[in-house]
Structures are given as structure tokens and as C-alpha cells.
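Student: Submitted below is the structure of interest, expressed as C-alpha cells.
The values are calculated or read from the model by the stated rules, or taken from the named source; none is laboratory data. As the structure is a prediction and not an experimental result, all values here were calculated from the model. With ideal geometry, Cβ positions are generated from the backbone for all residues, glycine too; neighbour counts draw on all protein chains shown. Side chains included, ligands, DNA and RNA excluded: accessible areas come from the protein's heavy atoms. Shrake-Rupley method; radii C 1.70, N 1.55, O 1.52, S 1.80 Å.
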Amino acid sequence: MGEFVAEAGIDRLVVIGQAAAAMHEAAARKAAEGSWKGESVLVPDVDSALGVITAALPETHGLTRRDVVLVKASKSAHLEGVALALAAVEGVA
């Protein structure tokens, strides 16, 4: 998935937890070799992910209704909180 993100030209990848670290590492390799201009961040938990994502809200980086944010996870990862938090942001959702 990390390589796909880089090849698709996605701007930012936020990966949650060590179980998914390989995804982050694959994207980071693409960035290091210069074939991807994006950013991959590995965080330990949902709260940290929300911190990274909300730091990119309109007042800082211009996240708008036109942007697409994909929250991909297994149901057991309980990442619906990330999607719900994004949906609650005024001016973005």
C-alpha cells in the first residue's frame, strides 16, 4: 500500500501502529529515492493520527472540501474515530 500511495501521487500518508509500519517504510523509501514528493508519517495511535491530520486543516495547509481523505483500516483497528473527527470539522466535511 505504501508504494501504491507514492505511485498514485498522494500527498500524505498517515500510518497508525507498528503493525502497519511496513506501509510507512515503503512510502518513505519512495520519498528517499526521490520518486515521491509526498510525506509519510508513522504514529502510535488514533489520537496521534488525529493530531497530524488536524494540523493540516484550512488555517495551516488549505485542506478543503475538494480534498480526499481515505481512512483505510480493518474494522478491528477502530479507526472510525478518525473519519468521524474529519467529518465534524466545519468547512471541510
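Student: Which pairs turn up if I take residues in region 77-88 that are within 20 Å of A19 (Cα to Cα) and in contact (Cβ under 8 Å) with a residue 40 or more places away in the chain and look for partners that are of a type in the set (K, R) and open to solvent by 30 Å² or more (accessible area, probe 1.4 Å) with beta carbon separation below 9 Å, at least 6 apart in sequence or on another chain?
Tutor: As it stands, the answer is L79/K72, since those pairs meet every condition given.
Student: Filter region 61-80 for residues that are hydrophobic (A, V, I, L, M, F, W, C) and closer than 20 Å to E39 by Cα; which is modelled with the lowest pLDDT? Let's see the steps before the verdict.
Tutor: Narrowing region 61-80 to residues hydrophobic (A, V, I, L, M, F, W, C): 63, 68-71, 73, 77, 79.
Then drop every residue that is not closer than 20 Å to E39 by Cα, which leaves 63, 68-71, 73.
On the way: L63: 62, V68: 73, V69: 75, L70: 75, V71: 77, A73: 71.
In this case the residue turns out to be L63.
Student: For P58, which of the numbered conditions (1) at pLDDT below 85; (2) under 15 Å from the mean Cα position of the chain (by Cα) fails to hold?
Tutor: Evaluating P58 over (1) at pLDDT below 85; (2) under 15 Å from the mean Cα position of the chain (by Cα) leaves (2) as the failure.
Student: Step by step: first the residues of region 67-76, then only those that are closer than 18 Å to Q18 by Cα and either over 11 Å from the mean Cα position of the chain (by Cα) or among the β-branched types (V, I, T) (or both), then the one that is most open to solvent (accessible area, probe 1.4 Å). Which residue is that? So that I can check it myself, show each step before the final result.
Tutor: The initial filter retains those residues of region 67-76 that are closer than 18 Å to Q18 by Cα, namely 71-76.
Adding the requirement that they be either over 11 Å from the mean Cα position of the chain (by Cα) or among the β-branched types (V, I, T) (or both) leaves 71, 73-76.
Values: V71: 54, A73: 43, S74: 67, K75: 184, S76: 92 Å².
Out of the qualifying residues, it is K75.
Student: Another one. For region 39-51, enumerate the residues that are crowded, with 16+ Cβ neighbours inside 10 Å and either more than 20 Å from E80 (Cβ to Cβ) or β-branched (V, I, T) (or both). Don't jump to the end; show me each part of the working.
Tutor: Taking region 39-51 first, the residues crowded, with 16+ Cβ neighbours inside 10 Å are 40-43, 46, 49-50.
Across region 39-51, the qualifying residues are S40, V41, L42, V43, V46.
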